[in-house]
Every structure is written in structure tokens, then in C-alpha cells.
1. For the Cα atoms of chain A, what angle does the longest principal axis make with the long axis of helix A:133-145, in degrees from 0 to 90, nearest 10?
2. Which value in nm describes the separation of the simple spin-label points at B:Glu164 and A:Asp175, placed 7 Å from the Cα toward the beta carbon?
3. Just want the ordering: A:Trp114, B:Trp367, from fewest to most Cβ atoms lying within 10 Å of their own Cβ.
4. Using the Cα centre of chain B as the reference point, and only Cβ charges (+1 on K/R, -1 on D/E), how large is the resulting charge dipole? Debye, rounded to the nearest 20.
5. For peptide B:219-227, compute the average count of partner chain beta-carbon atoms within 10 Å of each residue's beta-carbon.
6. Using a 7 Å offset from the Cα along the Cα-to-Cβ direction at both A:Arg277 and B:Leu16, what is the distance between the two label points in nm, to one decimal?
7. For B:Ala324 and B:Ile191, what is the calculated FRET efficiency with R₀ set at 22 Å and r taken between the beta-carbons, to the nearest 0.05?
8. Can you sort A:Met102, B:Met353 by how many other beta carbons sit within 10 Å, fewest first?
Amino acid sequence: MALKLENVTKKFGEFTAVDDLSLEIPEKEMFGFLGANGAGKTTTFRMILGLLDPTKGRITLDGKTIDYSTSPIIGYLPEERGLYPKLKVKEQIVYLARLRGMQKQDAVRELAYWLERFKVPEYMDKKVEELSKGNQQKIQFLAAVIHKPRLLILDEPFSGLDPVNVELLKQAVIDLKEAGTTIVFSSHRMEHVEEMCEHLCIMQKGRPVVHGALKEIKRSFGKKNLVIHADFDISSLENHDGVTKAKHTPEGIHLQVTSEYIAEEILKRIVGKGFIRKFVLEEPSLNDIFIEKAGASYE
Amino acid sequence: MNNFFIILFHTYLSKLKTKSFLVTTVLTALILIALTNIPRIIDFFEKDGEAEKIAVIDESGQLFAPLEQQMLAGDTDVELVEFTGSADEAEEKVEAGDYSGLLQLRMTGENLPAASFKSMSMADSSLVSEIEGSLQQLKTMMASASLNLSQEQLANLYEPVEFERSALAEDAKTEEELSQARGLVYVLLFIIYFSVIMYASMIATEVATEKSSRVMEILISSVSPIKQMFAKILGIGLLSLTQLAVFLIVGYFSVKTNVETMEGGFFEFFGFSNIAGATIAYAVIFFLLGYFLYATLAAFLGSLVSRIEDVQQMITPMTLLVVAGFMIAMFGLGQPEAPFITITSFIPFFTPMIMFLRVGMLNIPLWETSLAIAILTGTIILLAAFGARVYRGGVLMYGKSNSFKDIKTALQLTKKK
């Protein structure tokens, strides 16, 4: 399902949470939605889900407005995890699935399949409060996807999980995408976005500052990373023209340069002065782009 | 099945299955059975227990026999025992627990009986008043005998005054009916009061639990908050009716079996022997309306807090309203026709209890009842419409503050422009 946001603005009184945001997310796509805390991500999600009405603009799913009649085809994993602590896994997943228009028997069958896939079949009759945080998260994820939504919104799906479980969930997300689900995905983990999303959007103070295909974004960013390890002193390179950032490491120096040409110049400058063990020109990472564009740092 | 009913039955069934609900219901039912059987329980213990023995030292030598006779005629469990030793010896026996008390009888100068009573404590007043009553009668008899009054003269003297009360209004309740109605209304008022407070705070807690466990965000992305709110109110309403039905059935049968075995007394006073169908019907109507009024209020107040701990603080003003209504109703039991009661019975927040009190105790014209019900229903609809908007925004708000200022913020969240 293609999701389209046209000139969407949301104001809370005087405060503008989302400012003139236009996005188009084609069918069967995984779309990365990034931004610092308070950049308007959750507000945007809530508008997509129909929980909040945009002040201006419109949001459509295959040309139709989103309301509660479309809820069976939408899945949502909220950033703040929420399940009934006192209910058993089966009771609550079946309840939530039925609210999304699923039949009880189908929900039970799907639940059994997913628990098996997540290697926790014994959780069927356990209360949620008895599970560890990571396992609660699996159940939460399950609640978002059990009704086979065509549009899936994942707000920070992998936070708080160990690497094994991250892989498990990542694979599940990729499989869903291949099965035709349109996925909007928000994360602070840039490597996950880099790995999984073809298109992305970085929000800052309610406005999209970067928007497009991942490769395009990297190319148009222009700046590249240069890693040099050498046996002689190269610290003076940080003052070279075209170097925008420098970080000294025990083995050498990491530089950010404005173009390939600068890298070439630097190479000419140091050649012959000693032994160069490493000289690599890298594409900028999404992390670099994010820090520069969204003006905040993340670990 | 429609989402509305999925939520309704989920709320109903999951609450029904909780241990606290089952325990409360069973416990209250047991207390009800115990309360309705109080006379039997008292009898049971009384029969087993021995009569209280009182040591009597009769200084006059002529009072013991007539007093004992008087006491026996009075059908009491007090046994008088003539004590021949000294007063000190008798006191020791009382201290040792052989006797419940020591009664010293003597004659005054006017040849009338007088007595002093000593016991370990002053706690048992019914025992003392029984003895005092008997002695009083004895004194009256002796005094009138000394005046040489005839039996007839005596009878005239003690005959109660003829005093008949009747109301001029044809449909007014008789004094007897009124006191019967008072008992029934009293009990039903209590039920309305407790249930409204209990179930309204149950709703507020339920909403706050869903908010604090953050499951709310998933729920509102599946089902509209307004649908959710009303499904929840109806689900818990159904739960309250279930509990009420259990209590009414248990209470009804318990009372019925007791009324058959006992004539007069306790139950007749409370008006249970001929339970008025109309009063019960009004009780159910006003209970439901009161429930919906306060449940709606509680649901939107509950939607404003983010933590369960804040629920009680948030619904305190509402609870105070219920308490105020109950207090006014208690006052009204004694003076149901006071203008103050008439006025407050039309104020929607008090109507469920006070109009019910008036309907139960007086014969008020149907238009008054209808008007009060209409005002109440109107208020419920207004409150529901307003509450639904607050709820819709409130469930999305998280934060430390939970004041009434949040209502404004919540309304702002739902605004389109």
C-alpha cells in the first residue's frame, strides 16, 4: 500500500510539531524515518494512524483517508512498549488481534507460528509481567504483525534487544517486506536503517532536512571520510584545506573531507614522508549525515 | 464481532475472573446472610449462654421475692440469687467472677424500695436497666398501694394518651408505611452510594492502568477512544449489575426465609416483609443513571492521569460529590419534605440518591420524577460528549502533571484546527 503525506502540518497551540511534511512511500518499501528526540516522529506516526488530525494537509493510503475502518490493515509497534502486565500472552494477543478484525482461531494459530519462530513457544500461557524485557518486546512485535498488516509502523523496533534477538526480529521484518508489507521504520540505530531501508527521511524540528533514496543522500552529501594510519606525524593534516572534521586516534587520524579531490591532494602531500599503513576513502556513514543534519549526537 | 462488543465483553469477563472481584462478591454475600440472620445468631448464643447471676442482699427482708417475680415476668436472662453473707463477702465473689454483680436492696423512709448496684465495670447497661425497670415497677405498685388506689384508677393513670395521626392527602403514606419505606430506602441508598464509588473508581483505575502500561497506544490505534470509553463503561456496568443481582437474590431469599420464621420486630421495622416493587424498580433506575453519570466522569478523569497512583487524587472531587449527596440523603431520611431536599433532588449530581429518597418515602407527582430523570439523562449525555473529547486527547498525554489544566490541553489535542 502506498502511503502519501501531502503538506502535513501539525500545531499544538503555538508550537509546531510537524511543519509542511510531504512524503511518498511506495508499496513494499521499507522507509526509514529518523530524527532527534522531539523532532516530530511520534506525532507524524500518530497522524498516520489517525490518532491525531493534521492541522493542515492530508494523509492517504492508496488514495483513501485513514480512519478506524482501515485499522485491520495497519500494524503499529509504539516506541513506549505497552501490554497488559496481568494478562496471559495468549489472552492479550488474541484480544488485540480481534480488535484488528481477526478471527479468534486464526489469531491463535498465527500466535503459535510466531512464538515458534521466535523460539519461545512456552510463553503461550505465561503472564506478560513474568517475561524478561526483551521477551516482552517480542510479544509486542508479535501484536503489531499478527494480523498481517499491509502497512506496518515500527517505532524503535530493536531497542533493548540482544544481538541474537535483533537478528531474529530483523529477519522477520525483512520477510514481511518481501511479502508485500509497506514498512515505516524509525530508529536511532543508524546501522539498522542503513542496512534495511532504501529510502529515508531525517526530521529536524518538524521539518524534513534530508529526504530521498539512501544512495542519493550519501552521494549528494559530498563529504567523505578519510582514514589514514601512518608511522610518522600526520596531525598537521587537520589544517589542510577542505578538511571539515578531524579526529585523532592512537594509530592515525580520521578526517572528513569535502571531496575526493581533497583526498588526492592529501595523499600527494604525505607520500614519501614515511610508511603509510592505511589510506582509505570511505562513503559517509548515515551516522555522519545524521549528526550533521539533525545536529545531535547518538551512540 | 463488532469491536465495541469485543471490548465490552473483554472488560466484563477479565474483571469478572479477577480474584478480588470474586472474593468481594462472596464476602459481601456472606455478610448479607449474616446480617439478615442477626436475630437468629443472637438467639443461638443467648440460648447457649448461662443466665447472668446477680447476688442480692435484701436489707429490708421483704423486697427480694416480689422483685424476683417481677424479673421473671419480664422474660429476661437475669437470675437473682439471695446472698446471705456480708456485703464485703459478696463483693469478693463478684470480683472472683461468681456473680455478674451485687444488688443491695433497702427500704427508704417513705417505705419505698431503693437499691444500689455494684459490678466490675459499667459496661453492661442493658442488665442494669432491666433490673432498674423491674424495681421501678415494683416501686410504682407499692406507692399506688399505699395511696389505696383502685385497680380501675390505676389503669386510668397508666393508659397511654390517644393520639392519632393522619395525612389529609389521599395518597400520602401512613406513618407505618413511612417508617417501613425509610428502612428500605436507607439500605438501598447505601448500596447506590457504595456501588457508585466503587465502580466509578474501578473505571478510572482501569483507564489509568491501560495508560500507564502503555497498552492504550495500541488500543487507540485499533479502536476509536470514544467507542473504547463507552464499551468500558458498559462492560463495568454489566459487572456491577451482575454483582448487584447476586446481592439482591441472596438478600431476598435470606430475608424471606427469616421473615417466615419470625414475626414482627427487626424486619418489619425495616420494611422488608412486604418489599415494595416500585421502590426496588426506582432503585435500579437511579442506580443505573447514577452509575452512568459518575462512570463517565471517572473515565475522563482517569484518562488524564499517567500513573495509577494519581488516580485517587484525581477522582477525589468526584468522590466528594457522591459523599455530599449521601450526607444530604441521610439528612433527608428524617425530613424528606424539607425544601432543601426538594431542591437538591433536581441537581443532577445528587438526583440519583435524593430523588430516589423522595420517590421511596413520599408520594411525589410523576412529573417531578420524570423531570429529574430527564435533567439527569441530559447531563449524562452532555458529560459523555465532553468526556469523550477529553478522553480522546487525554489518553495520548503523558507527563507528571495531572491537574484540571490538563483538560484544556487534552481538548486542544483533539482540535482539528
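Just so you know, all these numbers are worked out from the coordinates, no wet-lab data involved. All of these numbers come straight from a predicted model, not from anything done at the bench. FYI the Cβ positions are ideal-geometry reconstructions off the backbone, even for glycines, and counts take in every protein chain you see.
1. Computed tilt is about 70 degrees.
2. Those two pseudo-labels are separated by 9.2 nm.
3. Sorted ascending by nearby Cβ count, the order is B:Trp367, A:Trp114.
4. About 4940 debye.
5. Across the residues of B:219-227, the mean count of other-chain Cβ atoms within 10 Å is 6.
6. For the pair A:Arg277/B:Leu16, the computed spacing is 7.4 nm.
7. 0.75
8. Least crowded to most crowded, the residues run A:Met102, B:Met353.
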